[in-house]
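Structure record follows, encoded as structure tokens.
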Amino acid sequence: MDLYSLLRQFADSWMLLALFLFFLGVILWVIRPGSTKTYRDTANIPFRHENAPAKAEANARKEA
């Protein structure tokens with residue numbers, strides 16, 4: 001059996017299973033208990049300074 005056929009059989013069976021399990025793991029990681037606050041904060045980033053732009057001084061202090 002040549003290398004191409006061996007790798008193709010591996011990709012068709014075990015790698016497909018591994019990628020599916022990785023996908024399920026990512027989904028479970030996102031919906032885990034306690035992650036709501038983190039994702040809610042991230043989702044609200046565009047609306048933090050809706051009425052006025054952020055002050056330059058406050059941004060400079062955060063970067064330092």
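Things to note:
- Charged neighbours of Met1, selected by a Cβ distance under 15 Å, balance to -1 (K, R count +1; D, E count -1).
- Virtual spin-label span in nm between Leu24 and Ala52, 7 Å along Cα→Cβ: 5.2 nm
Bear in mind that the values in this text are calculations on the coordinates, not laboratory data. All figures in this text were calculated on a predicted structure; none of them were measured in a lab. We place every Cβ from the backbone using ideal geometry, glycine too, and count neighbours over all the protein chains shown.
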